[in-house]
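One structure is given here, and the rest of the page talks about it.
The values are calculated or read from the model by the stated rules, or taken from the named source; none is laboratory data. None of these values were measured; they are calculated from a predicted model. Cβ placement follows ideal geometry from the backbone for every residue including glycine, while neighbour counts extend to all protein chains displayed. The area values use the complete protein model at the heavy-atom level, side chains included, leaving out ligands, DNA and RNA. Shrake-Rupley method; radii C 1.70, N 1.55, O 1.52, S 1.80 Å.
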Amino acid sequence: MGLGPAILTIFAFMVIPIFILGVFSFMPADPYGGVDKGFSYEAWVQLFFERDLDDSLIFDPVYLQIIFRSIVLAVLATITTLAVGFPVAWYIVQQPAKKRELLLFLVTIPFWTNLLIRAYAWILILGKNGMIEKPLYGLGIIDESLELMYGNLAIGLGLVYSYIPLMILPIYASLEKLDFGLIEAAHDLYAKRYSVIRKIVIPLCLPGIIAGCILVFVLSLGDFISPSILGGGKKMMLSNLIQFQFSSARNWPFGGALTMLLLIMVGIGSFFYIRVLGKREEIK
Amino acid sequence: MKNLSSKRKSINWLKIFSNTFFVYLYAPIAVLIIYSFNDNRIAQVWTAFSTKWYLKAFNNEDIQRAIINSLKVAGVATIVATLFATMAALVLSSKRFRGHGISNAIISLPLLVPEIATAVATLSFFAAIEFPLGLTSIIIAHIVFCIPFAFMPIRARLSGMDQTLQEAGRDLYANEWQVFWHVTFPLLKPGILAGAILSFIISIDDFIISLMVAGAGATTLPLYIYSMIRLGVSPEINAVSTVLFCISVTAIIAYWLVSKQNEEKVHVH
Amino acid sequence: MNDINAISVKNVEKIYGGGKQAVTALKDIHLEIRDREFFTLLGPSGCGKTTLLRLIAGFEQPNQGEILLFGDHLEGLEPYQRPVNTVFQSYSLFPHMTIAENISFGLKMQGKMQKEISSTVAEMLELVKMAEYGERMPNQLSGGQQQRIALARALAPRPKVLLLDEPLSALDLKLRQAMRHELKRLQRDTGITFVFVTHDQEEAMSMSDRIAVMSQGSIQQLDAPETIYERPCNEFVANFIGDVNLIDASVSEFQPGKLVCQWAGSQVVAANTATTADLSSENRVRLAVRPEKLRLVTKDQGQTNAQVTESMYMGTDRYITVTCDHGENLEVRVQNSDVSGEVIQEGDTVGVFIPELSAVALTDQQSGLS
Ligand SMILES: Nc1ncnc2c1ncn2[C@@H]1O[C@H](COP(=O)(O)OP(=O)(O)OP(=O)(O)O)[C@@H](O)[C@H]1O
Ligand SMILES: [Mg+2]
């Protein structure tokens, strides 16, 4: 059957691997990378506790902090992309057809280009002696580096820059279906521009907003490039921590446990995303 | 009328905001490209126009190898993923059957799983079955996540296709195979092309998954760029990045043109 | 002329889906379509016309019964194995082929020689008066032109029967009327049996040799257009084709071809196609009278008197509604050929006269006759 190859490929090289990773998280780590035979829930314990010299468990929030930071950064990135993306989508939808098409295309181009390069480009701007600092030095406003790079700010900026197209596109899609007659009707009823947006536009394109938020949140949560390029590896996010376990730290079971945690969070997000999409279909 | 004229006088904040946004979206890329033509070795200090970093990059054997690896991976992954996706789309669009929904879900799974999870899961899998890491392992991983990207435009094209065209073919003495060859396939071709372009873009840009499943000597272009970035800012990175950026943009423009043509051709009336 | 029927449909039933969602689209269909006939399937939306065509073309299989093409069983033959072609409602021209390629498609698939193909294509383009359009693409043609090409494409392989599913429904009124003549001419010139589907009664009347009126999956009446109009067999057919007055009468005498009835206290002689009358239980019968067959006469000269409640001027006709003394409403159509200037006004009292044999007894089961 024609379906076979696609389904089998994804099943064999994605579904089974995730399952295997889950199994790995319950096995002892091999200090040379990989796992040893046997059963162990050490990796899951490690999420919360540290083993003291006498083998007693001490609560250790260091990993939870990283997970917490990932969530906070993802939420902030989502809020920022929404705050910026909504007006932009609103602007695009009001343009004449030709211009609308062009602007949309301009929004999509960065989405299809390499994230690595786009993050790197920000180093040129934010970095020491970058496009921001240099003129400030020249004007004598600052005399030492602003240290814009390698912090939460730079990571957050990278997340927003990476994923804002995914906020604009679904919002645009729902705005486009909006009946502009409704807006005119509202204006006709003496509603001010602001209240038209609040009372009519936002409620009607809520599915698009929710879809955009979930997409940006899920992708930001699992983002690897912004923290490792713009965070300089100092401020880790969940992905960096995972990647670290599979490389230098050689603790695959712990990496597996972290991945499972990420997958659960993303799974919840995706569940809501599909629900929202389903609702949208129903409305149609 | 009054409303209109007063609107014209007041400052259009929305427009200013949006234009600023587009500047924000493209300024970093513009800076990257401009400084790739900078003669100065210190990337942020502009001295004169020069293409020497491009020449230098292209004469770098490691970069040459990385580009060739990237093209090999993207080429093979694109062909296989597009073939698989086309076959799946043809089945999924023809009739509803048991397992229809679950098949669709499995095909879109790679879109939902975060890349880092895919990366480490694939790595664990290859370790578990003791599959050697190298170009082959990268290609397999790429095929997996390229399938849904190839699938989407093909599926869209098929569902927009007038089913009676196939019936017209059968009515006019073409058997199943001839109908596929003379009617379905020619009409599907732009969709297949669009799917292949998306696969190619996604594959050539991939970084994290390649990072985890690449063995020694299987460095792709994004992996090479990453290793350079870790050493610090340099005009050579700008040049290589610009090249990669141009490949993506060329492909996305090609995709756009193809899908525009799609829209025009499906509907006769 | 061939004695064998072009198409025989025997005892065919078609059910879509299964279980609770099963839809019976056709039930117990019997049909004989003669060679070289312009045959029309007429009926309201959803009555199963398309389904019947698709069964003949081979896109669907009947659940029961069989279909014969010039005496040959079609069962088990794929659409591409049946010498029958279809003109689709949406034309379905291949958008990636030129007009000439579209027309030659069937011939190529049949494995005809290139020489024969090109001459047939030219001939077909000539036939539909589109000779200069061979190299155009379908999207460069107007709706009416696409329609002609769809016809040419289906005719090119010289099918034994041509099936047309509402081919004119996408055209505007003017074009539709012009295409009626065109279709009739094509049918005459090619001598191919046409099975034409429509829900437009005027279209059916003007073109067909015979019409099968369908409703809810079964054939209500199969006759020549005149018979269908003049002698509808049941209420559905009477109502579906043209306007009609339905009146209830009691039978007083049964004669071959005639029925003497009592209506409004007077006698009406109605046409009757049934051969026997089952008057034992009920002797009531329902009569159908076309509005133009009714006469308005001076008071007390008709079967009953009536009051004019509405009189509408329509150009060639005047549409008049009258209420009979016993309460029944009737529609009457009076030709506008009177030059005396006397006009029937609302509120006038007139006599209603039903001439002999202008009413028809509806002879299907419900009316008590068979
Ligand atoms: N593929 C199908 N699956 C299920 N039911 C169907 C299918 N095709 C048709 N039907 C049902 O069968 C019945 C007859 O449909 P058909 O298309 O033959 O009607 P039609 O007379 O051609 O109507 P129209 O004038 O609207 O084209 C309808 O009730 C329709 O809903
Ligand atoms: Mg129909």
Would you say residue C:171 is more than 11 Å from chain B (Cβ to nearest Cβ) and crowded, with 21+ Cβ neighbours inside 10 Å?
-> no
Residue B:99 being facing chain A (nearest Cβ under 10 Å) and either among the aliphatic types (A, V, I, L, M) or surrounded by fewer than 16 Cβ atoms within 10 Å (Cβ to Cβ) (or both) | yes
Please indicate, with yes or no, whether at least one residue in the stretch C:39-55 is out of contact with any Phe, Trp or Tyr (no Cβ under 8 Å at 6 or more places or on another chain), more than 16 Å from ligand 2 (Cβ to nearest atom) and assigned to a loop (DSSP other than H, G, I, E, B).
-> no
Residue, nearest to ligand 1 (Cβ to nearest atom), within the stretch C:121-168, restricted to residues that are within 11 Å of chain B (Cβ to nearest Cβ) and charged (D, E, K, R) = C:165
Number of the exception - residue B:115 against (1) crowded, with 24+ Cβ neighbours inside 10 Å; (2) under 20 Å from the mean Cα position of the chain (by Cα) | (1)
Residue count for the stretch A:74-96, restricted to those that are away from every other protein chain (no Cβ under 13 Å) and free of Cβ contacts under 8 Å to residues at least 12 places away in the same chain | 2
Quick one: residue B:176 ticks every box in (1) over 30 Å from residue B:122 (Cα atoms); (2) surrounded by fewer than 19 Cβ atoms within 10 Å (Cβ to Cβ); (3) more than 9 Å from every other protein chain (Cβ to nearest Cβ) except a single one, so which number is it?
-> (3)
Residues that are open to solvent by 20 Å² or more (accessible area, probe 1.4 Å) and touching a residue at least 12 places away in the same chain (Cβ under 8 Å), drawn from the stretch B:227-241 = B:228, B:233, B:234, B:236
Residue A:71: at pLDDT 90 or above, more than 11 Å from chain B (Cβ to nearest Cβ) and open to solvent by 30 Å² or more (accessible area, probe 1.4 Å), yes or no?
-> yes
State all residues of the stretch C:18-35 that are away from ligand 1 (no atom under 16 Å from the Cβ) and within 18 Å of residue C:223 (Cβ to Cβ); if no residue qualifies, say none.
-> C:30, C:32, C:33, C:34
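How many of the residues in the stretch C:123-142 are open to solvent by 30 Å² or more (accessible area, probe 1.4 Å), in contact (Cβ under 8 Å) with a residue 12 or more places away in the chain and aliphatic (A, V, I, L, M)?
The number of residues fulfilling the criteria is 2.
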Looking at (1) surrounded by 17 or more Cβ atoms within 10 Å (Cβ to Cβ); (2) within 14 Å of another protein chain (Cβ to nearest Cβ); (3) more than 16 Å from ligand 2 (Cβ to nearest atom), find the lone condition where residue C:83 falls short.
-> (1)
Scan the stretch C:86-100 for residues that are within 16 Å of ligand 2 (Cβ to nearest atom) and either open to solvent by less than 20 Å² (accessible area, probe 1.4 Å) or within 7 Å of another protein chain (Cβ to nearest Cβ) (or both) and jot them down.
-> C:86, C:87, C:88, C:90, C:91, C:92
Look at residue C:29 and say whether it is among the β-branched types (Val, Ile, Thr), more than 11 Å from chain B (Cβ to nearest Cβ), more than 16 Å from ligand 2 (Cβ to nearest atom) and part of a strand (DSSP E or B).
-> no
Output for Cβ contacts, cut-off 6 Å, separation at least six or different chains, first residue more than 16 Å from residue B:105 (Cβ to Cβ) and more than 9 Å from every other protein chain (Cβ to nearest Cβ) in the stretch A:4-32, second assigned to a helix (DSSP H, G or I) and at pLDDT below 85, reads A:25/A:43
